[in-house]
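Before any comments, here is the structure.
The values are calculated or read from the model by the stated rules, or taken from the named source; none is laboratory data. For clarity, every value in this text was computed on a predicted model and none was experimentally measured. When we count neighbours, we look across all protein chains shown, and the Cβ atoms used for this are built from the backbone with ideal geometry, even at glycine. In case anyone asks, the SASA skips ligands and DNA or RNA and just uses the protein heavy atoms, side chains included. Shrake-Rupley method; radii C 1.70, N 1.55, O 1.52, S 1.80 Å.
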Amino acid sequence: DTGVSQDPRHKITKRGQNVTFRCDPISEHNRLYWYRQTLGQGPEFLTYFQNEAQLEKSRLLSDRFSAERPKGSFSTLEIQRTEQGDSAMYLCASSRGQGWTEAFFGQGTRLTVV
Amino acid sequence: DQQVKQNSPSLSVQEGRISILNCDYTNSMFDYFLWYKKYPAEGPTFLISISSIKDKNEDGRFTVFLNKSAKHLSLHIVPSQPGDSAVYFCAASANTNAGKSTFGDGTTLTVKP
């Protein structure tokens, strides 16, 4: 069990550019979650997958955001035409998905839009 | 409208004493509650949880209490240790999906030696 892995750890991009983040969940976990955290606040739910199906998206996830989980393994989160307000920590988590089981979080990708 | 609130942004206690972190929620649909701990530059780490059918859950030095009528939960750490210094997040879930949680803004606990 190597834990949830996120890449990159840090990303600085210019406003208007597209960025993509990757998350590798714990291998036996079938649920995968994306959260966003800004300074001084708790994580905010963005979306989650059960296997390869995206089952729920938050209203926070604007049309510029898209997430995929092909083959039900790793996931990517893409932000198009980044804005300064997108600057945040993007956290990925996974869980076994059966019953009440907690989520295991990765270390996050810190995005800075300049 | 924040559905999970941690009204104390920070708490400082002496080593060996009890730390009590509080959390209030507004959504009656929440039926599972979790506490996560977060160190700088790391993701949140699960600490302890409680379902709405219980009013107390204990794990070593950590105990979570749930008062459903008051929509309030608390985390007790006793005795507190300097290594407990971290940000503690209260989170609430519904519909057996504990991974999809609504988080509070956290309480920074400092345990002084």
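Condition check ((1) within 25 Å of B:Thr96 (Cβ to Cβ); (2) of a type outside the set (Val, Ile, Thr); (3) more than 8 Å from chain B (Cβ to nearest Cβ)) across all residues:
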position	(1), (2), (3)
A:Asn30	yes, yes, yes
A:Gln50	yes, yes, yes
A:Arg59	yes, yes, yes
A:Arg81	no, yes, yes
A:Trp100	yes, yes, no
A:Val114	no, no, yes
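When B:Phe33, B:Phe65 are screened for being among the aromatic types (Phe, Trp, Tyr) and open to solvent by 20 Å² or more (accessible area, probe 1.4 Å), only B:Phe65 passes. Across the range B:2-22, the number of residues qualifying as part of a strand (DSSP E or B) and within 11 Å of another protein chain (Cβ to nearest Cβ) comes to 2. Being touching a residue at least 60 places away in the same chain (Cβ under 8 Å) and open to solvent by 90 Å² or more (accessible area, probe 1.4 Å) is the requirement here; does A:Gln6 meet it? Considered against the rule, which asks whether it is touching a residue at least 60 places away in the same chain (Cβ under 8 Å) and open to solvent by 90 Å² or more (accessible area, probe 1.4 Å), A:Gln6 comes out as no.
Strands (runs of 3 or more DSSP E) fully within the range A:23-114 that include at least 3 residues being among the aromatic types (Phe, Trp, Tyr) and open to solvent by less than 20 Å² (accessible area, probe 1.4 Å): A:31-37. Restricting attention to the range B:77-109, report how many residues are farther than 17 Å from B:Phe46 by Cβ and at pLDDT 95 or above. Going through the range B:77-109 one residue at a time, the tally reaches 8. Residues considered: B:Ser51, B:Ser85. Of these, the only one that is more than 30 Å from A:Arg110 (Cα to Cα), hydroxyl-bearing (Ser, Thr, Tyr) and in contact with a strand residue (DSSP E or B) (Cβ under 9 Å, 6 or more places away or on another chain) is B:Ser51. In the set A:Phe21, A:Phe45, only one residue is without any contact (Cβ under 8 Å) to a residue 60 or more places away in the chain, within 23 Å of B:Tyr36 (Cβ to Cβ) and of a type outside the set (A, V, I, L, M); that residue is A:Phe45.
Does B:Ser101 count as of a type outside the set (A, V, I, L, M) and under 22 Å from A:Tyr90 (Cβ atoms)? Please lay out each step first, then the result.
Details: of a type outside the set (A, V, I, L, M): yes; under 22 Å from A:Tyr90 (Cβ atoms): yes.
Against the criterion (of a type outside the set (A, V, I, L, M) and under 22 Å from A:Tyr90 (Cβ atoms)), B:Ser101 qualifies.
Among the residues of the range B:9-30, count how many are hydroxyl-bearing (Ser, Thr, Tyr), surrounded by fewer than 14 Cβ atoms within 10 Å (Cβ to Cβ) and in contact with a strand residue (DSSP E or B) (Cβ under 6 Å, 6 or more places away or on another chain). Working first, answer last.
To start, the set of residues in the range B:9-30 that are hydroxyl-bearing (Ser, Thr, Tyr) comprises B:10, B:12, B:19, B:25-26, B:28.
Of the ones still in play, those that are also surrounded by fewer than 14 Cβ atoms within 10 Å (Cβ to Cβ) are B:10, B:12, B:26, B:28.
Retained after the next criterion (residues that are in contact with a strand residue (DSSP E or B) (Cβ under 6 Å, 6 or more places away or on another chain)): B:10, B:12.
Qualifying residue count, the range B:9-30: 2.
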